[in-house]
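The values are calculated or read from the model by the stated rules, or taken from the named source; none is laboratory data. This one's a predicted model, so the numbers in the text were calculated from it and none came from an experiment. Please note: Cβ atoms are built from the backbone with ideal geometry, for glycine as well, and neighbour counts cover all protein chains shown.
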Amino acid sequence: EKGGYKHFMLKEIYEQPKAIADTISGKLSIFEKKNEKILTNFDKIQIVACGTSFHAGLIGKFFIESISRIPVSVDYASEYRYRNPIIDKKTLIIAISQSGETADTLAAVRLARKKSAKVVAICNVIGSTITREADYTIYTHAGPEISVASTKAFTTQLAALFLFAVEVAKVRKTIDEETENKLLNELSEIPKKLKTFLDSENEKKLIRNIALEFYNSQDALYLGRFVNYPIALEGALKLKEISYIHAEGYPAGEMKHGPIALIDEKMPVVVIAPKDRVYEKIVSNIEEVKARKGKVIAVTNANCPEIKKLADFTIEIPTTEELLYPFLTVVPLQLFAYHIADFLGYDVDQPRNLAKSVTVE
Ligand code: F6R
């Protein structure tokens, strides 16, 4: 059932092009006329989730605020439910959960509904508890995710959030038809681009070699900016949960406010640096790391000579519209964590102390 792959996690990483394509073509029926009210009758959005789904939520904030211009807050469900959040009839809650059974996320949904807010769930499991309690569910079509470490559920959540952002913008007329078509077109190109990356023997070898170089590290730092800042968090979470190496993700601009003190010649620093609006800024961050002799692994595009010159290793991903980079930048980080855990001989699909769905608080 692992289809020739050594672990479910690896299989699920490779299933991402198809999972994303299926989610996009799943024609989210939230966009049907009768549901239009759900899309217009709110003036703020609160996203609640845990773990990797929370990281998808952080990226969803970038999608919705930049495309639909609606204010979005993102909370850990376990914090949201105990902080007496400001919820009213004009608040839309988006609960993101792969399993649809996470106790804290479910409690946040119940709280919001009690305060008469509408709840949209983004979920991968048909008929799960959260989908039964939400007003509306957008299903991700990732297929069953067996590995405890979430991969394809995450990228399909991103696809659902991006489609949601575009649809809300369309209904509220915050984008014109040309922009809408351009965004949707770019999204539909993602599965192909991801497949090209995943099929490249060079990149495969390179990521394994980088993992071989660093699997004995004690710590790792992940840096990103803008829409790739949550990818830094997600990359660090993947490494922690399956390889038990301490890792932290930071917005790169925060480095000089503390974490830079950690950098020495042994510290691997993974920098997510595609050619986007903050490219020049992140190049300076890489210079700062190199000045302290840190080891830089950069995830960037081809034709970024500034980064090639500075970084110890560069992983090249295809180009896309800048909001969509997280789909492409997260995948090398998933593979990096996977290979490290595998080299260390750990049970990749069943990491210690973790369960696939957290149904206790
Ligand atoms: C990390 C991971 C967890 C889950 C979290 C939420 O790889 O799998 O952090 O993302 O437990 O689970 P769901 O999305 O099922 O609510």
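A few points about this structure:
- Taking the range 1-112 and the helices (runs of 4 or more DSSP H) fully enclosed by it, the elements with 3 or more residues that are surrounded by 21 or more Cβ atoms within 10 Å (Cβ to Cβ) are at 8-14, 16-25, 51-68.
- Residues (surrounded by 13 or more Cβ atoms within 10 Å (Cβ to Cβ) and without any contact (Cβ under 8 Å) to a residue 24 or more places away in the chain) located in the range 250-262: 254
- Pairing residues of the range 46-64 that are of a type in the set (A, V, I, L, M) with residues that are near the ligand (Cβ under 7 Å from one of its atoms) and assigned to a strand (DSSP E or B), at Cβ distances under 6 Å and at least 6 apart in sequence or on separate chains, gives 49/96; 56/96.
- Only helices (runs of 4 or more DSSP H) whose full extent lies in the range 253-361 are considered here, and the ones with at least 2 residues that are of a type in the set (Val, Ile, Thr) are 279-291, 325-343.
- For the range 95-126, the set of residues classified as touching a residue at least 24 places away in the same chain (Cβ under 8 Å), away from the ligand (no atom under 13 Å from the Cβ) and closer than 28 Å to residue 13 by Cβ consists of 120 only.
- Looking at 151, 179, 174, 155, just one residue is among the hydroxyl-bearing types (Ser, Thr, Tyr) and in contact with a Pro (Cβ under 9 Å, 6 or more places away or on another chain), and that residue is 155.
- Selection of the range 238-262 for residues being modelled with pLDDT under 95 and either under 19 Å from the mean Cα position of the chain (by Cα) or more than 26 Å from residue 51 (Cβ to Cβ) (or both) yields 256, 260, 261.
- Any chance residue 90 is of a type in the set (Lys, Arg) and under 25 Å from residue 235 (Cα atoms): no
- Residue, modelled with the lowest pLDDT, within the range 346-360, restricted to residues that are more than 10 Å from the ligand (Cβ to nearest atom) and of a type outside the set (Asp, Glu): 360
- Any hit, the range 154-175, residues being away from the ligand (no atom under 16 Å from the Cβ), crowded, with 18+ Cβ neighbours inside 10 Å and among the acidic types (Asp, Glu): yes
- Complete set of residues in the range 182-222 that are among the hydroxyl-bearing types (Ser, Thr, Tyr) and under 21 Å from the mean Cα position of the chain (by Cα): 188, 196, 222
- Only one entry of 252, 220, 211, 232 meets the criterion of being of a type in the set (A, V, I, L, M, F, W, C) and within 16 Å of the ligand (Cβ to nearest atom), and that entry is 232.
- Apart from one condition, residue 40 fits all of (1) in contact with an Asp or Glu (Cβ under 8 Å, 6 or more places away or on another chain); (2) of a type outside the set (Lys, Arg); (3) at pLDDT below 95; the exception is (1).
- Among residues that are under 26 Å from residue 238 (Cβ atoms), surrounded by fewer than 22 Cβ atoms within 10 Å (Cβ to Cβ) and at pLDDT 95 or above, residue 128 is included.
- Identification of helices (runs of 4 or more DSSP H) wholly contained in the range 134-228 with 3 or more residues that are out of contact with any strand residue (DSSP E or B) (no Cβ under 8 Å at 6 or more places or on another chain) and farther than 30 Å from residue 45 by Cβ yields 177-199, 201-214.
Residue by residue, here is whether (1) under 25 Å from residue 345 (Cα atoms); (2) among the basic types (Lys, Arg); (3) touching a helix residue (DSSP H, G or I) at 6+ places or on another chain (Cβ under 7 Å); (4) surrounded by fewer than 18 Cβ atoms within 10 Å (Cβ to Cβ) holds:
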| site | (1), (2), (3), (4) |
| --- | --- |
| 212 | yes, no, yes, yes |
| 216 | yes, no, no, yes |
| 227 | no, no, yes, no |
| 238 | yes, yes, yes, no |
| 248 | yes, no, yes, yes |
| 267 | yes, no, no, no |
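Conditions tested, residue by residue: (1) of a type in the set (Lys, Arg); (2) surrounded by 23 or more Cβ atoms within 10 Å (Cβ to Cβ); (3) farther than 24 Å from residue 225 by Cβ.
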| residue | (1), (2), (3) |
| --- | --- |
| 309 | yes, no, no |
| 323 | no, no, no |
| 334 | no, yes, no |
| 346 | no, no, yes |
| 349 | no, no, yes |
| 354 | no, no, yes |
